[in-house]
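*Asks:* Have a look at the structure that comes next, please.
The values are calculated or read from the model by the stated rules, or taken from the named source; none is laboratory data. Everything quoted here is computed from the prediction, not taken from an experiment. Cβ: placed from backbone, ideal geometry, glycine included. Neighbour counts: every protein chain shown. Areas reflect the complete protein model, heavy atoms only, side chains present, ligands, DNA and RNA absent. Shrake-Rupley method; radii C 1.70, N 1.55, O 1.52, S 1.80 Å.
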Amino acid sequence: RSGICFCMGKAGEQRTLPDAVDVLIIGAGPHALAMASRLLLGHEAMQDVIAPQESYIRKPSEVRAHLKKTRKLKPNQLAVIDSSGAWMKRWQNQFQALGIDFLRSNEMMHPDGFDHSTLPVWASANKRNDFLFLDKLPKNQTYHGPFTLPSNKMMLDFCKHLVRLGRLEQVLWHGHAESMCQCESGMTVTVKSANMTQKVIAQHVIVARGPTWRRQWPAFYHYLEKASIAEIRHAWDLFDDPDQISRLQGKGVIIGGGLTSAHLCAQLAPRGQIHLLIRRDLRTKQYDLELSWMGTGRRQNRRDYERTPLEERAAINKGVRDGGSITPELYSKMSKLQDQGLLEIHEFTEVVTASFDDGWTIVLTDDEVLVADYLICASGTYVDISTDPLFADLQKTHPIEMLGGLPVLTESLQWGSAPVYVMGNMAALELGPDAVNMNGAVRGALRISSALGSPAPSSRTRASTV
């Protein structure tokens, strides 16, 4: 029978999704790319994935040689399934929709498994200087750097280079992983494409996609009438179709106190006044974690976290991330919009009721009534793996403990005894508060690759690579 095909665009060449593979990765974002990078590198991959604050680990000449070396996986060693059909596509859509020029993460945070310095060395070799220097971030005993942030374009170009080096386009197929169940040879994964459904047998499955299928909505959403539900937007809808942003005009109301809502304000306020509603105060910090988790105390924080009971880990994750926040650079932009009368920020404010009839009428908790042309909820996604359709069968055959919607995984991020591994925010109880970030991606990839048979870290290194 014919399987799912993906057209490469070269002389009409098509590739068929194999019926059986060694490793199947679900998702093609930065976490999946970090995993694929480790599979490609094998023994060459770095074993200490906590980046130095100053200097490099490997010599720049070694890194430059790595960046010129083409690698190729063995046939059927790896297949990657992604609903967008391209590496880093959702990332690209998200940054396009929000108009983000520079990353929040620094130059040492990227998916390549060879060395922390790969991105800056690649940038230097390609005469790229599109970095943002954090001149307002103090250099003190807590944090020594890095102080440079790569542009979004730089990160995407760098990731394209990694994909080319590893010929990773050859192992990517456009499809949606619907379900999986264990079989004699590993896991049977049901993959659906636009015109057919196929079952793939994988010895190991790595779930490296976020829980973006379930939007989180404010309480008032659940009482909206059908006409209003058809008009309200969630930020993740804009990520699926970034062109929607260009069609938004007039006055708007945006709900959320994090980076996404702030970027939307910066994008849309010049077209019409924006009201930003935040249920608490607006918080400003450079990174979305406490600085100690990225500074001189980062290794000790990791070790302490590993010794902490699971119930306390969930509380630590919440406390360290401390909800939504925006960067000082973005706060400066928002302040200018406020001065121009284009942005009004309502702190400690929520929506009581909202209705749509040729426009929005929105009643707030302070009894103020707003009128707007559009309403966007930048309220994130709801993480509850117990309701995730992909894991439904697995929860019946291999039930494991759940805590706050997250699975209790093994140290290797494995789902009990099943040959299934989980990356990203869904592995936060093991990886910690930065599980969803690039740091979490490279640490997760190290743990899983070690379990799959790559050389394990030495006893000296193991304690520092959690």
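*Asks:* Suppose we filter F133, F147 for residues that are among the aromatic types (F, W, Y) and either under 16 Å from N437 (Cα atoms) or at pLDDT 85 or above (or both); which single one remains? Give the steps one after another, and end with the answer.
*Replies:* Details: F147 fails: either under 16 Å from N437 (Cα atoms) or at pLDDT 85 or above (or both).
Just one listed residue meets the conditions, F133.
*Asks:* Any residue at all in the stretch 285-295 that's open to solvent by 30 Å² or more (accessible area, probe 1.4 Å) and part of a helix (DSSP H, G or I)?
*Replies:* Narrowing the stretch 285-295 to residues open to solvent by 30 Å² or more (accessible area, probe 1.4 Å): 285, 288, 290-292.
Narrowing the set further to residues that are part of a helix (DSSP H, G or I) leaves 291-292.
Scanning the stretch 285-295, I find at least one residue that is open to solvent by 30 Å² or more (accessible area, probe 1.4 Å) and part of a helix (DSSP H, G or I), so the answer is yes.
*Asks:* OK, next. Counting only residues that are open to solvent by less than 50 Å² (accessible area, probe 1.4 Å) and in contact with an Asp or Glu (Cβ under 8 Å, 6 or more places away or on another chain), how many does the stretch 260-277 have? Give the derivation first.
*Replies:* To start, the set of residues in the stretch 260-277 that are open to solvent by less than 50 Å² (accessible area, probe 1.4 Å) comprises 260-266, 268-269, 272, 274-277.
Among the residues that remain, those that are also in contact with an Asp or Glu (Cβ under 8 Å, 6 or more places away or on another chain) are: 272, 274-277.
Within the stretch 260-277, residues that are open to solvent by less than 50 Å² (accessible area, probe 1.4 Å) and in contact with an Asp or Glu (Cβ under 8 Å, 6 or more places away or on another chain) number 5.
*Asks:* Filter the stretch 316-325 for residues that are open to solvent by 50 Å² or more (accessible area, probe 1.4 Å) and of a type in the set (A, V, I, L, M) and give the result.
*Replies:* Answer for the stretch 316-325, where residues must be open to solvent by 50 Å² or more (accessible area, probe 1.4 Å) and of a type in the set (A, V, I, L, M): just I316.
*Asks:* With the requirement that a residue be loosely packed, with under 13 Cβ neighbours inside 10 Å, at pLDDT 90 or above and assigned to a helix (DSSP H, G or I), what does the stretch 305-315 give you?
*Replies:* Across the stretch 305-315, the qualifying residue is only E312.
*Asks:* Show me the strands (runs of 3 or more DSSP E) found entirely inside the stretch 1-88 where at least 1 residues are modelled with pLDDT under 85 and polar (S, T, N, Q).
*Replies:* Working: elements: 5-7, 14-16, 20-26, 78-82.
The strands (runs of 3 or more DSSP E) meeting that bar are 14-16.
*Asks:* Among the residues of the stretch 401-426, write down those that are modelled with pLDDT of 95 or more, outside any strand (DSSP E or B) and open to solvent by less than 10 Å² (accessible area, probe 1.4 Å).
*Replies:* Scanning the stretch 401-426 gives L413, W415, A418, M423.
*Asks:* Return the only residue of R302, R280, R233, R298 being basic (K, R) and touching a strand residue (DSSP E or B) at 6+ places or on another chain (Cβ under 9 Å). Break it down into steps so the answer makes sense when it comes.
*Replies:* Working: R302 fails: touching a strand residue (DSSP E or B) at 6+ places or on another chain (Cβ under 9 Å); R280 fails: touching a strand residue (DSSP E or B) at 6+ places or on another chain (Cβ under 9 Å); R298 fails: touching a strand residue (DSSP E or B) at 6+ places or on another chain (Cβ under 9 Å).
Of the residues listed, the single one that is basic (K, R) and touching a strand residue (DSSP E or B) at 6+ places or on another chain (Cβ under 9 Å) is R233.
*Asks:* Another question about this same structure. Is it true that some residue in the stretch 90-105 is touching a Pro at 6+ places or on another chain (Cβ under 8 Å), aliphatic (A, V, I, L, M) and modelled with pLDDT of 95 or more?
*Replies:* No: the stretch 90-105 contains no residue that is touching a Pro at 6+ places or on another chain (Cβ under 8 Å), aliphatic (A, V, I, L, M) and modelled with pLDDT of 95 or more.
*Asks:* Just name the residue that is nearest to G324 (Cα to Cα) out of those in the stretch 260-278 that are touching a Lys or Arg at 6+ places or on another chain (Cβ under 9 Å) and in a loop (DSSP other than H, G, I, E, B).
*Replies:* That would be Q273.
*Asks:* While we're looking at this one, here's another question. Looking at this structure, is D115 free of Cβ contacts under 8 Å to residues at least 40 places away in the same chain, open to solvent by less than 60 Å² (accessible area, probe 1.4 Å), farther than 30 Å from A20 by Cβ and touching a helix residue (DSSP H, G or I) at 6+ places or on another chain (Cβ under 9 Å)?
*Replies:* No.
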